[in-house]
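Remarks on the structure that follows.
The values are calculated or read from the model by the stated rules, or taken from the named source; none is laboratory data. Predicted, not measured: the structure shown is a model, and the values here were computed from it. All Cβ positions, even for glycine, are placed from backbone atoms using ideal geometry, and neighbour counts span all protein chains on display.
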Amino acid sequence: MKMTFRWYGLGNDDITLDKIKQIPGVDGVVWALHDIPAGVEWPMERIEEVKAQADEFGFNIDVVESVNVHEDIKLGLKSRDKYIENYKKTIEKLSKVGVKVICYNFMPVFDWTRTDLYKNISDGSNALFFEKSKISDIDPKELIRKLAKDVTVTMPGWEPERLERIEELFKAYEGFTAENLWANLKYFLEEIIPVAEKFDIKMAIHPDDPAFPIFGLPRIIINRENIKRFLNLVDSPYNGLTLCSGSLGSVLSNDIPSIIREFHDRIHFAHIRNVKVYENGDFIETSHRACDGSVDIVDVMKAYHENGFAGYIRPDHGRHLWGEEKTCRPGYGLYDRALGIMYLLGIWDTLESQKTNKI
Ligand SMILES: [Mn+2]
């Protein structure tokens with residue numbers, strides 16, 4: 001298991017590399033060129049710049065999150081081929097600085113979705129919240145306006161240039177089914193995976209967040225059956241998963257530890273996060289602690305440990321603590337993610353000790 005921490009880049013993240021350096025156990029930063037729009041080939045000099053910045057602090061940059069997939073690829077438009085070519089060139093370039101895993105997602109229009117970015121919790125902290133009834137009533141444009149008002153930073157998955165085209169995008173997806181999306185994902189994988197194999201980079205799809213369709217748009221990476229189908233689209237170790245316990249955990253019927261036990265050899269990157277799911281389908285992000293949420297994080301770590309998981313791992317979102325919501329990206333404060341790492345390492349180290357009979 002290799003512990004990492006997401007970093008939004010120099011000048012784009014209040015949580016700087018020198019701060020990350022002080023969190024125990026972190027060997028690498030998970031990064032991206034967040035200002036490069038989906039579909040555009042990443043410039044080599046910008047990639048090398050990040051490598052040099054991380055080198056200064058002794059961090060690896062083995063994991064990229066994300067190289068975003070252009071909407072035309074998801075829609076299966078003729079223009080997809082040129083965007084796929086750019087994606088391939090980006091894979092090749094990333095291999096030159098030693099990147100091992102690329103995380104991406106295949107969700108139409110919206111990336112992760114919440115109804116509140118700063119929902120108050122009784123202990124005085126706040127966290128990302130999803131209110132199911134609100135999403136069924138609200139116009140997506142209104143939700144975007146509401147979230148944009150609450151936040152001053154750009155959020156991955158909510159890039160302004162994409163959201164400006166929201167009406168056009170919804171029109172493009174009219175009549176579009178889950179089967180269309182499966183077919184377009186297969187087309188993408190059949191093109192990309194041989195390139196990933198050639199350059200020894202594991203592709204790792206992130207589950208849909210939340211793990212159910214919203215605004216009438218299909219979502220497919222949502223449960224065990226669909227993950228199995230996904231892995232069989234192209235049966236190669238290079239066609240793998242970013243297993244996000246929080247995204248899949250938004251649906252109580254998803255048994256995350258058993259999904260990990262079944263597919264561990266195709267999981268290249270683990271996002272660990274807990275969510276508390278309510279009976280009405282609402283959910284809030286919680287501390288990593290198993291008893292605070294609906295996902296048994298102890299069993300999640302056991303499932304990785306017993307299978308000798310050697311991939312990358314990071315704490316996913318955290319609550320905003322001690323007033324940090326004024327400066328941090330929603331879900332990406334320093335404190336709760338650092339606390340989460342200590343919890344995860346605590347479980348892992350205990351399991352390791354048990355294995356060697358030290359305890
Ligand atoms: Mn995640």
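Those helices (runs of 4 or more DSSP H) of region 221-333 in which 3 or more residues are free of Cβ contacts under 8 Å to residues at least 60 places away in the same chain occupy 224-233, 256-263, 297-306.
For region 334-341, state whether one or more residues are touching a helix residue (DSSP H, G or I) at 6+ places or on another chain (Cβ under 7 Å), crowded, with 18+ Cβ neighbours inside 10 Å and of a type outside the set (Phe, Trp, Tyr). Yes. For region 257-285, filtering for residues that are of a type in the set (Ser, Thr, Tyr) and either crowded, with 24+ Cβ neighbours inside 10 Å or within 11 Å of VAL300 (Cβ to Cβ) (or both) leaves 1. For region 192-220, filtered to residues that are part of a loop (DSSP other than H, G, I, E, B), within 16 Å of the ligand (Cβ to nearest atom) and of a type in the set (A, V, I, L, M, F, W, C), the residue that is surrounded by the fewest Cβ atoms within 10 Å (Cβ to Cβ) is PHE212.
Note on region 115-136: among residues that are in a loop (DSSP other than H, G, I, E, B) and touching a residue at least 60 places away in the same chain (Cβ under 8 Å), the one that is nearest to ILE84 (Cα to Cα) is GLU131. Scan the helices (runs of 4 or more DSSP H) fully inside region 4-86 and keep the ones with 3 or more residues being exposed (fewer than 15 other Cβ atoms within 10 Å of the Cβ) and acidic (Asp, Glu). Result: 44-56.
In region 123-172, what count of residues is obtained for those that are hydroxyl-bearing (Ser, Thr, Tyr), surrounded by 11 or more Cβ atoms within 10 Å (Cβ to Cβ) and at pLDDT below 80? Counting residues in region 123-172 that are hydroxyl-bearing (Ser, Thr, Tyr), surrounded by 11 or more Cβ atoms within 10 Å (Cβ to Cβ) and at pLDDT below 80 gives 1. Within region 34-48, residues that are under 13 Å from LYS96 (Cα atoms) sit with their Cβ atoms under 6 Å from residues that are of a type in the set (Val, Ile, Thr), at 6+ positions apart or across chains, in these pairs: TRP42/ILE36; TRP42/THR90; ILE47/VAL97.
Taking the conditions exactly as written (within 14 Å of the ligand (Cβ to nearest atom) and farther than 27 Å from ILE61 by Cβ), does PHE283 satisfy them or not? So PHE283 passes the test.
Within 15 Å of the ligand (Cβ to nearest atom) and buried (at least 24 other Cβ atoms within 10 Å of the Cβ), is that true of ILE297? Answer is yes for this residue. Restricting to region 103-130, what's the tally of residues that are of a type in the set (S, T, N, Q) and within 19 Å of the chain's Cα centre (by Cα)? Looking only at that region, the number is 3. None of LEU185, LEU189, LEU231, LEU243 is within 16 Å of the ligand (Cβ to nearest atom), under 20 Å from GLU65 (Cα atoms) and at pLDDT 95 or above except LEU243. Scan region 334-359 for residues that are in contact with a strand residue (DSSP E or B) (Cβ under 7 Å, 6 or more places away or on another chain) and either among the small types (Gly, Ala, Ser) or free of Cβ contacts under 8 Å to residues at least 24 places away in the same chain (or both) and the total you get is 1. With the structure loaded, tell me whether TYR335 is within 24 Å of VAL64 (Cα to Cα) and either within 16 Å of the ligand (Cβ to nearest atom) or in contact with a Pro (Cβ under 9 Å, 6 or more places away or on another chain) (or both) or whether it fails that test. So TYR335 fails the test.
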